[in-house]
Amino acid sequence: IKKLRQVILDLASRGCLVQQIEGDKSIGAGVTVQIPDPGLPLGWKKVELQHLVSDLQNGVSKRRGEHGAAIPVLRLADIKQGQLRESDLREIMLTSGEAEKYKVRHGDILAIRVNGSADLVGRFIPCASARILAYSDHLIRVRVLPEMLDFRYLCLFGGTTDARKHLSDKSVTTAGQRTINQVGLGSLLVSVPPLAEQKRIVAKVDELMTLCDRLETARSAREGT
């Protein structure tokens, strides 16, 4: 089932899961760094991530503060199975300037900057919270340009074989920890469909991943009997 999930992501990133609809507008008005790829469907482009975002920002490094307001701060420990867990978050006193600089808003992505596991470093975690939250320096905030990229599609693409290879190659090992920086993250070459197609791909992948969840549940039930 794990291999099936990977196949689903890889096919999605190549335009093999949903039908291309005539009339979809290609991305890229004003984007200069685009690489046409004959292996991609019509209207798709390969674009470096740095040209698809308004912001790449490391998180807050301090572990306590004396001034400002108590703000919940997302850490690696608050990521469970690729999703943010918002219960029992640690709070840090942040000034108004710090709270604004390190704020997470709906539609942001947190990329894992530091981790002991090569499989986890560079992973994209979607943020869909309406709460006032900040994030630690073990994470990098990725704020996409919504007119060009659906943040859910980018999270999906970040799990593909090609993306994982790039992110692994761009990470470095120090004292047993793997680390990726903003430059390595920003150089990720993203296969970008028209925005409407991105949304259809996300919906189809969600549907297929739900099916995989059911298969896993059924397998666990069989093995438990």
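The values are calculated or read from the model by the stated rules, or taken from the named source; none is laboratory data. Given the structure is predicted, the values throughout are model-derived calculations rather than measurements. So basically every Cβ, Gly included, is an ideal-geometry build from the backbone, and we count neighbours across all protein chains shown. Heavy atoms of the whole protein, side chains included, go into the accessibility calculation; ligands, DNA and RNA do not. Shrake-Rupley method; radii C 1.70, N 1.55, O 1.52, S 1.80 Å.
Across the range 183-225, what is the total count of residues that are open to solvent by 70 Å² or more (accessible area, probe 1.4 Å) and under 23 Å from residue 46 (Cβ atoms)?
2
Just give me the residues in the range 10-21 being outside any loop (DSSP other than H, G, I, E, B) and open to solvent by 30 Å² or more (accessible area, probe 1.4 Å), in sequence order. Reasoning before the result, please.
Just the residues of the range 10-21 that are outside any loop (DSSP other than H, G, I, E, B), to begin with: 10-12.
Within the range 10-21, 11 is the sole residue that qualifies.
Tell me the strands (runs of 3 or more DSSP E) entirely within the range 42-104 that contain at least 1 residues that are open to solvent by 60 Å² or more (accessible area, probe 1.4 Å) and under 18 Å from residue 127 (Cβ atoms).
Working: elements: 45-48, 53-58, 69-74, 90-94.
In the range 42-104, the matching strands (runs of 3 or more DSSP E) lie at 53-58, 90-94.
In the range 174-184, is there at least one residue being at pLDDT 95 or above and under 12 Å from the mean Cα position of the chain (by Cα)?
Checking the range 174-184: not a single residue is at pLDDT 95 or above and under 12 Å from the mean Cα position of the chain (by Cα).
Within the set of pairs 6 or more residues apart or between chains, which connect a residue that is closer than 24 Å to residue 151 by Cβ inside the range 88-110 to a residue that is part of a loop (DSSP other than H, G, I, E, B) and open to solvent by 70 Å² or more (accessible area, probe 1.4 Å) with Cβ atoms less than 6 Å apart?
Listed pairs, sorted by first residue: 106/128.
Scan the range 188-225 residue by residue and report those that are among the small types (Gly, Ala, Ser) and in contact with a strand residue (DSSP E or B) (Cβ under 6 Å, 6 or more places away or on another chain). Walk me through it before giving the result.
Our first condition is that a residue be among the small types (Gly, Ala, Ser); within the range 188-225, this holds for 191, 196, 203, 218, 220-221, 224.
Listed by number, the list holds a single entry, 191.
Within the range 56-77, does at least one residue satisfy the condition of being modelled with pLDDT of 90 or more, under 30 Å from residue 10 (Cα atoms) and among the polar types (S, T, N, Q)?
Yes; the residues of the range 56-77 include at least one that is modelled with pLDDT of 90 or more, under 30 Å from residue 10 (Cα atoms) and among the polar types (S, T, N, Q).
Conditions tested, residue by residue: (1) acidic (Asp, Glu); (2) in contact with a Leu (Cβ under 7 Å, 6 or more places away or on another chain); (3) open to solvent by 10 Å² or more (accessible area, probe 1.4 Å).
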| site | (1), (2), (3) |
| --- | --- |
| 119 | yes, no, yes |
| 122 | no, yes, no |
| 127 | no, yes, no |
| 137 | yes, no, yes |
| 142 | no, yes, no |
| 176 | no, no, yes |
